[in-house]
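> A single structure is presented below for examination.
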Amino acid sequence: MKLEAVTLREIHLPLREPFRISSGTVSERRILLLELHDESGAGAWAECVAAERPNYSPETIDTAWLALRLWLVPRVLGRTFGAGSAVHAALEGAARGHPMAKAALEMGAWGLEAELSRRPLAELLGGVRQTVEVGVSLGIEDSPERLAEKAASAVERGYRKIKLKIEPGSDVEFVRKVREVVGPEVPLMVDANAAYGPEDGDRLQELDEFGLTMIEQPLDRTDLLRHARLQKRLETPICLDESIDCVDRVEDMIALGSGRVVNIKPGRVGGFTASRAIHDRCRESGLPVWCGGMLESGIGRAYNVALASLPNFTMPGDLSPSRRYWARDIVDPEWTMGPDGMVQVPLDRPGIGVEVDRERVEALTVRRERLVHDGRPAGLQE
Ligand code: OSB
Ligand code: MG
């Protein structure tokens, strides 16, 4: 594929209800969408998961836009890539950091390859599942009772895993109430988004009594050593999210014992090539992985579902149906979940497996920038 043009656009999409994590609340998503075009005129959509504020990681939609425009898109325009997998190295050479910006472009190239070869994206990636288990991620609520109501309703709907966002002050009593209401069998986990410090070991140890499947990212993202010390004290497995930004961090995690599960978000690690490397490395060591979410639209979800069909994604992913997030998604068909808590991998359709509702995207667009290959050799365009 020879990349001729990339269009960046920002759309605003209100969430059906605000989503609160330890570091902030979001009510409306500002979403950066990419449209990649090759010389034949074929196109593919992709999504950048960076949020409005740098409260999950240092990137934001605005830094991603800048990185794509200044350093990343110029590095690939006018170049011919044999496959989407070849784009990762080109982008790594273009800039340090900015994984979410890189991932959007890299995954878009995979999407374009799937489109051009008329193959389903999941198949291209090496997926082996036709359906994937779905878990729900529930934001922080004002009271344990309110959270327990939401958890009970999620169980009712069929979700295979219930994840509760926690922070100091909204943790032990909230989890206790939820466990009491949903019963001992429901797979329950918590995600702290790095809200705790090494001094909080006693508090976190109290969570052991609830039989959680894992505690996601209790400590700072750079703190692998203290995660290892904490893991030694806990029966509950630690799952790392923010800490794992490349396969080398998985190596560190394993060597140190910082965790026993990895949440793979392709946006966080720079795309599919890195996601697959992390997946393979975990598989080698017998560690399970699952696919995380970043409140994506139906476009980002398509990429996540495809990734989650790989063999070592043995735990339910944060792959809720479109309806959980949006009054109306921007793709057709919308993403759904069966009463059995499964999402279908669209193996019967080539490309990313959903159509983008272009008219609606146009209507939601607040800014747009088309970047085209100007004929100069790529890499000299900075
Ligand atoms: O830590 O997994 C996280 C959303 C925004 C930022 C960070 C996280 C999340 C989620 C949402 O948990 C999961 C989803 O998209 O359903
Ligand atoms: Mg997380």
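For every residue, the table says whether it meets (1) free of Cβ contacts under 8 Å to residues at least 24 places away in the same chain; (2) in contact with a strand residue (DSSP E or B) (Cβ under 6 Å, 6 or more places away or on another chain); (3) over 21 Å from Lys161 (Cβ atoms).
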residue	(1), (2), (3)
Thr222	yes, no, yes
Leu230	no, no, yes
Glu235	no, no, no
Gly271	no, no, yes
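> Let me ask something additional. Do the conditions hold for Glu28, that is, is it within 15 Å of ligand 1 (Cβ to nearest atom), among the charged types (D, E, K, R), farther than 30 Å from Arg118 by Cβ and under 19 Å from the mean Cα position of the chain (by Cα)?
So Glu28 fits the description; yes.
> I'm checking my understanding of the structure. Among residues of the range 209-256 that are small (Gly, Ala, Ser) and more than 12 Å from ligand 2 (Cβ to nearest atom), which one is surrounded by the fewest Cβ atoms within 10 Å (Cβ to Cβ)?
Result: Ala255.
The rows are residues; the columns are (1) part of a loop (DSSP other than H, G, I, E, B); (2) not assigned by TED's automatic domain parsing to the domain that holds Ile238.
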position	(1), (2)
Leu287	yes, no
Trp290	no, no
Ile299	no, no
Ala302	no, no
Trp335	yes, no
Gly338	yes, no
Val361	no, yes
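> Taking the conditions exactly as written (more than 13 Å from ligand 1 (Cβ to nearest atom) and either touching a helix residue (DSSP H, G or I) at 6+ places or on another chain (Cβ under 8 Å) or within 26 Å of Ser57 (Cβ to Cβ) (or both)), does Pro350 satisfy them or not?
yes
> Still on this structure, please answer the following. Of the conditions (1) away from ligand 2 (no atom under 16 Å from the Cβ); (2) acidic (Asp, Glu); (3) under 16 Å from the mean Cα position of the chain (by Cα), Asp318 clears all except one; give me its number.
(1)
> Against the condition in contact with a Gly (Cβ under 9 Å, 6 or more places away or on another chain) and over 19 Å from Arg229 (Cα atoms), how does Gly169 come out, does it pass?
No: the conditions fail for Gly169.
> Of all residues in the range 155-169 being in a loop (DSSP other than H, G, I, E, B) and not hydrophobic (A, V, I, L, M, F, W, C), which is surrounded by the most Cβ atoms within 10 Å (Cβ to Cβ)?
Here the residue is Tyr159.
> Would you check if there is a residue in the range 145-152 being within 16 Å of ligand 1 (Cβ to nearest atom), surrounded by 16 or more Cβ atoms within 10 Å (Cβ to Cβ), charged (D, E, K, R) and in contact (Cβ under 8 Å) with a residue 60 or more places away in the chain?
No: zero hits.
> Quick check: is even one residue across the range 300-319 under 25 Å from Val76 (Cα atoms), surrounded by fewer than 20 Cβ atoms within 10 Å (Cβ to Cβ) and touching a strand residue (DSSP E or B) at 6+ places or on another chain (Cβ under 8 Å)?
No, the range 300-319 has no match at all.
> What's the number of the only condition in (1) within 16 Å of ligand 1 (Cβ to nearest atom); (2) in contact with a Gly (Cβ under 8 Å, 6 or more places away or on another chain); (3) under 24 Å from Arg119 (Cα atoms) that Arg276 fails to meet?
Condition not satisfied by Arg276: (1).
> Of the residues that make up the range 127-143, is at least one touching a residue at least 24 places away in the same chain (Cβ under 8 Å), among the hydroxyl-bearing types (Ser, Thr, Tyr) and in a helix (DSSP H, G or I)?
no
> If only one of Gly158, Gly93, Gly97 is more than 16 Å from ligand 1 (Cβ to nearest atom) and more than 30 Å from Gly41 (Cβ to Cβ), which one is it?
Gly97
> Checking the condition at pLDDT 95 or above and within 16 Å of ligand 2 (Cβ to nearest atom), which residue from Gly286, Gly293 passes?
Exactly one of Gly286, Gly293 is at pLDDT 95 or above and within 16 Å of ligand 2 (Cβ to nearest atom), namely Gly293.
> Right, something else. So, of the residues in the range 170-196 that are surrounded by 14 or more Cβ atoms within 10 Å (Cβ to Cβ) and over 28 Å from Asp340 (Cα atoms), which turns out to be farthest from ligand 2 (Cβ to nearest atom)?
This residue is Val172.
> Shifting gears a bit: Enumerate the strands (runs of 3 or more DSSP E) found wholly within the range 1-62, keeping only those where 1 or more residues are among the polar types (S, T, N, Q).
3-21, 24-38
> Still on this structure, please answer the following. Looking at (1) surrounded by fewer than 20 Cβ atoms within 10 Å (Cβ to Cβ); (2) more than 22 Å from Ala327 (Cα to Cα); (3) among the acidic types (Asp, Glu), which one does Glu52 not meet, given that it meets all the others?
(2)
The values are calculated or read from the model by the stated rules, or taken from the named source; none is laboratory data. Nothing here was measured: the structure is a model prediction, and the numbers come from that model. Methodologically, a virtual Cβ is constructed for each residue, glycine included, from the backbone with ideal geometry; neighbour enumeration extends over all protein chains shown.
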